[in-house]
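Report on the structure given below.
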Amino acid sequence: SGQYAGGDLPGVREKMGYLQDLGISSIWLSAPYENRNAAGAAIDPGVDSNQYSAYHGYWPSPDNVDYSNPEGPQPRPQVESRIGDDASLRGVVSDAHDAGIKVLFDYVMNHVDVNSGLYQAHPEWFARGNGDDGTQAGEFALCGGNGLNLWDHPYWSTRCAFTDYLPPFDLAEDAARAWSIADALWW
């Protein structure tokens with residue numbers, strides 16, 4: 001299934017002793033930030049007609065967070081509500097560190113949800129096709145769409161979109177890159 005199927009931060013905390021007994025030295029968590037709430041089509045709906053949720057944490061839907069405030073980001077970035085809240089995420093990190101276990105978060109730097117506050121406020125931060133990528137100018141260049149394979153393209157491989165609802169950052173844009181770095185450092 002491509003839907004949420006359980007597993008949350010309180011469950012990780014509950015199993016911390018078990019994980020420590022296994023002798024692990026680190027935990028790798030799925031991206032913990034708020035994700036798209038609507039299901040979306042597969043990368044190639046012509047081949048796969050299923051709808052998928054953001055169960056894997058790879059469809060970030062951040063607010064238009066301002067990281068320039070010395071008091072902290074405004075609004076504060078949100079933990080995905082299906083897996084827990086800020087306190088439970090901090091609890092996992094604290095419990096893990098107390099047990100001598102490092103914590104790694106998966107972080108999606110490539111794209112955000114088209115309905116996110118960040119995309120709505122800054123559409124100019126996101127890469128759009130120019131016609132030489134198989135798109136009409138202004139559309140997102142799909143990595144595996146439009147009859148082209150852009151995955152290995154020297155320019156578009158870092159700017160192509162997985163789907164039309166996940167606009168890709170254009171990290172050559174200074175403001176987009178600065179925001180993404182600030183977001184990664186905050187998390």
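Summary table
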read-out: Descending Cα extents along the principal axes, the range 55-137, whole Å; value: 53, 29, 21
read-out: Order by protection proxy (mean Cβ within 10 Å, highest first), peptides 23-32, 154-163; value: 154-163, 23-32
read-out: Using a Förster distance of 30 Å, the FRET efficiency for Arg90-Ala182 (Cβ separation, nearest 0.05); value: 0.95
read-out: Unit charges at the beta carbon, dipole of the chain: most positive-side option, Pro60, Gly7, Phe169; value: Gly7
read-out: Per residue value of the accessible surface for the range 81-187 (all protein chains in place, 1.4 Å probe), Å²; value: 50
read-out: Full-extension gain in nm, Asn69 to Leu22, via 0.36 nm per residue minus C-alpha separation; value: 12.7 nm
read-out: Relative pair counts by distance (%), Cα atoms of the range 82-182, 5 Å bins; value: 2, 12, 18, 18, 14, 11, 9, 8, 5, 2, 1
read-out: Per residue, the convex hull volume that the Cα atoms of the range 15-173 enclose (Å³); value: 157
read-out: For Ala54, net neighbour charge (Lys/Arg +1, Asp/Glu -1) across residues whose Cβ lies under 11 Å away; value: -1
read-out: Two-site FRET efficiency, Gln120 against His56, from Cβ-Cβ distance with R₀ of 25 Å, rounded to 0.05; value: 0.60
read-out: FRET efficiency estimate (nearest 0.05) - Cβ-Cβ, Ser49 to Ala175, R0 35 angstrom; value: 0.40
read-out: Over the range 29-81: Rg over Rh, Cα atoms, Kirkwood Rh; value: 1.14
read-out: Net charge of Cβ neighbours under 14 Å - reference Asp85; Lys, Arg +1; Asp, Glu -1; value: 0
read-out: Accessible carbon and sulfur surface of the range 31-187 relative to its total accessible area, %, 1.4 Å; value: 51
read-out: Translational diffusion of the range 58-102, µm² s⁻¹ [Kirkwood Rh, Cα pairs; Stokes-Einstein; 25 °C; 0.890 mPa s]; value: 198
read-out: Residue-averaged [θ]222 nm for the chain, counting only DSSP H segments that reach four residues, each worth -39500 (n - 2.57); value: -6500 deg cm²/dmol
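The values are calculated or read from the model by the stated rules, or taken from the named source; none is laboratory data. Here the structure is a predicted model, which is why all the values come from computation and not from measurement. Neighbour counts are summed over all protein chains in view; Cβ atoms, including those assigned to glycine, are modelled from backbone coordinates with ideal geometry. What goes into the accessible areas is simple: the full protein's heavy atoms, side chains included, and nothing from ligands, DNA or RNA. Shrake-Rupley method; radii C 1.70, N 1.55, O 1.52, S 1.80 Å.
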